[in-house]
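Enquirer: Below you'll find the structure I mean.
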Amino acid sequence: METSIACYSRGILPPSVSSQRSSSTLVSPSSFSSSSSFKRLKSSSIFGDSLRVLPKSQLKSTKAKSNGASSVTKCEIGQSLEEFLAQATPDKGLRTLLMCMGEALRTIAFKVRTASCGGTACVNSFGDEQLAVDMLADKLLFEALQYSHVCKYACSEEVPELQDMGGPVEGGFSVAFDPLDGSSIVDTNFTVGTIFGVWPGDKLTGVTGGDQVAAAMGIYGPRTTYVLAIKGFPGTHEFLLLDEGKWQHVKETTEIAEGKMFSPGNLRATFDNSEYNTLIDYYVKEKYTLRYTGGMVPDVNQIIVKEKGIFTNVTSPTAKAKLRLLFEVAPLGLLIENAGGFSSDGYKSVLDKTIVNLDDRTQVAYGSKNEIIRFEETLYGSSRLKTAPIGVTA
Ligand code: F6P
């Protein structure tokens, strides 16, 4: 029984990346096919009873709007990640990279789930080493990128310098990632996650978030999900990790509607940023529902899943910006904007901000259109998105 699982679900990466169970058979990334190994997984179960793959008759065909024109996308809820990617992008290199990252996310999910926490760190094993889970996630992601053979440079929040992954510049990619955002809340069992953005070629500075070809989050909570957006393909797409090790497409978001849910980060800034204080007062007065964990991944993901809401992380003279444009803010910007939402640093979309230094930091808001208009107007008096009055009654 173990053989067919090893071929696909843990076989495409070195044993250290695919370390959820032992594996001996490696299959190169170029051997991904939409038909073979995934199907063998259907009858396999690693942990006992497994979730079943939905029969085709229960699949939901979905529509999405692109550039104002309504078009039927080929993507179907219930597809495997591999099947979805084959329809979402013709770029085989990008498909390989996203599959390899999916393998790393799956292993990180297992490592987070089985980490022992004490004192200030949560640790798990990596080969013969015991490592803090954020450092372990970092290693696994670098390994996956190296193994993909399509990544030129990679850079992480833990190692904020370009690392040569050996892939080509032409037709290759550079990837920036936050390996485990919220690692300090693993012990409390809050949801944590991985964030990454993919840029074409060999540049991670002098580029904007809008230059990304894809962005994604791995989300380790009660459910493990892989949420991804591909530039030029409508929607932001959620894949659920099934017991049997497969990622199954379970949700597509193409619209963020209006709804009273707020997620206020860096709240201490309200002490000496009176405009931010006015905005928070507005949410409270208007009886918005507070949903904030202090983990940016679940706090932003809920906007995509619930299809409404606002996330803010605003700065002040004494509460400076800490969120990184490259590793967190720009990738989440693509995920939100592909989902039909909006992002802002107060003046413009975070996808329009040039990344000057790898460590650039910024304030940010993500949410529905009217929420972003309200955010910009309240903080700076006007909004580039404004077509009708939104207003904050202080
Ligand atoms: O990346 C830093 C981070 O942990 C984010 O995940 C989170 O949104 C933010 O800090 C929380 O900041 P604060 O506790 O100041 O609201």
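The values are calculated or read from the model by the stated rules, or taken from the named source; none is laboratory data. It should be emphasised that the depicted structure is a prediction, and the values quoted were computed from it without experimental measurement. So basically every Cβ, Gly included, is an ideal-geometry build from the backbone, and we count neighbours across all protein chains shown. Note: accessible area is taken over every heavy atom of the protein model, side chains too, but ligands, DNA and RNA are not part of it. Shrake-Rupley method; radii C 1.70, N 1.55, O 1.52, S 1.80 Å.
Enquirer: Take the residues in region 243-272 that are free of Cβ contacts under 8 Å to residues at least 60 places away in the same chain and over 22 Å from the mean Cα position of the chain (by Cα), then tell me which one is farthest from the ligand (Cβ to nearest atom).
Expert: LYS260
Enquirer: Oh, and also: Mind counting the residues in region 313-335 that are surrounded by fewer than 24 Cβ atoms within 10 Å (Cβ to Cβ) and assigned to a loop (DSSP other than H, G, I, E, B)?
Expert: Going through region 313-335 one residue at a time, the tally reaches 9.
Enquirer: Without any contact (Cβ under 8 Å) to a residue 40 or more places away in the chain and either within 22 Å of the chain's Cα centre (by Cα) or buried (at least 18 other Cβ atoms within 10 Å of the Cβ) (or both), is that true of GLU158? Working first, answer last.
Expert: On the way: without any contact (Cβ under 8 Å) to a residue 40 or more places away in the chain: yes; either within 22 Å of the chain's Cα centre (by Cα) or buried (at least 18 other Cβ atoms within 10 Å of the Cβ) (or both): yes.
Criteria met by GLU158.
Enquirer: Continuing with this model, one more query. Identify all residues within region 142-193 that are aliphatic (A, V, I, L, M) and closer than 18 Å to LEU332 by Cα; write none if there are none.
Expert: ALA154, VAL175, ALA176, LEU180, VAL192
Enquirer: Another question about this same structure. Quick check on my filter: what residues within region 336-359 are part of a loop (DSSP other than H, G, I, E, B), open to solvent by 20 Å² or more (accessible area, probe 1.4 Å) and farther than 18 Å from VAL198 by Cβ?
Expert: Correct list: GLY340, TYR347, LYS348, VAL356, ASN357, ASP359.
Enquirer: Considering only region 199-213, state which residues are over 15 Å from THR96 (Cα atoms), touching a Ser or Thr at 6+ places or on another chain (Cβ under 7 Å) and open to solvent by less than 10 Å² (accessible area, probe 1.4 Å).
Expert: LEU204
Enquirer: With the requirement that a residue be part of a loop (DSSP other than H, G, I, E, B) and open to solvent by 20 Å² or more (accessible area, probe 1.4 Å), what does region 282-312 give you?
Expert: Those that are part of a loop (DSSP other than H, G, I, E, B) and open to solvent by 20 Å² or more (accessible area, probe 1.4 Å): GLU286, LYS287, TYR288, ARG291, TYR292, THR293, GLY294, GLU307, LYS308.
Enquirer: Scan region 202-213 residue by residue and report those that are in contact with a helix residue (DSSP H, G or I) (Cβ under 8 Å, 6 or more places away or on another chain) and assigned to a strand (DSSP E or B).
Expert: Once the filter is applied, which keeps residues that are in contact with a helix residue (DSSP H, G or I) (Cβ under 8 Å, 6 or more places away or on another chain) and assigned to a strand (DSSP E or B), region 202-213 yields only THR208.
Enquirer: Is it the case that some residue within region 184-198 is more than 12 Å from PHE327 (Cα to Cα), within 16 Å of the chain's Cα centre (by Cα), surrounded by fewer than 20 Cβ atoms within 10 Å (Cβ to Cβ) and not hydroxyl-bearing (Ser, Thr, Tyr)? It would help to see each step written out before you state the result.
Expert: First pass over region 184-198, keeping only residues more than 12 Å from PHE327 (Cα to Cα): 184-193.
From the residues that got through so far, the ones that are within 16 Å of the chain's Cα centre (by Cα) too are 191-193.
Filter again for surrounded by fewer than 20 Cβ atoms within 10 Å (Cβ to Cβ), leaving none.
The answer is no; no qualifying residue exists.
Enquirer: So which residues in region 164-183 are open to solvent by less than 30 Å² (accessible area, probe 1.4 Å) and either part of a loop (DSSP other than H, G, I, E, B) or not aromatic (Phe, Trp, Tyr) (or both), if there are any at all?
Expert: Of everything in region 164-183, those that are open to solvent by less than 30 Å² (accessible area, probe 1.4 Å) and either part of a loop (DSSP other than H, G, I, E, B) or not aromatic (Phe, Trp, Tyr) (or both) turn out to be MET165, GLY167, GLY172, SER174, VAL175, ALA176, ASP178, PRO179, LEU180, ASP181, GLY182.
Enquirer: Identify the residue in region 214-241 that is assigned to a loop (DSSP other than H, G, I, E, B) and open to solvent by 10 Å² or more (accessible area, probe 1.4 Å) and, among all such residues, is nearest to VAL175 (Cα to Cα).
Expert: It comes out as LYS231.
Enquirer: Answer with yes or no whether SER174 is in contact with an Asp or Glu (Cβ under 7 Å, 6 or more places away or on another chain) and modelled with pLDDT under 95.
Expert: no
Enquirer: For region 141-163, how many residues meet the condition of being out of contact with any Pro (no Cβ under 8 Å at 6 or more places or on another chain), modelled with pLDDT of 95 or more, farther than 15 Å from THR205 by Cα and outside any helix (DSSP H, G or I)?
Expert: The total comes to 1.
Enquirer: Also, I was wondering about something else. Quick check on this structure: which one of ILE195, ILE230 is within 16 Å of the ligand (Cβ to nearest atom) and of a type outside the set (Phe, Trp, Tyr)? Spell out the reasoning first.
Expert: Numbers: ILE230 fails: within 16 Å of the ligand (Cβ to nearest atom).
Only one candidate qualifies: ILE195.
Enquirer: Checking the conditions here, which among SER383, SER343 is modelled with pLDDT of 95 or more and out of contact with any Ser or Thr (no Cβ under 6 Å at 6 or more places or on another chain)?
Expert: One residue alone meets the criteria, SER383.
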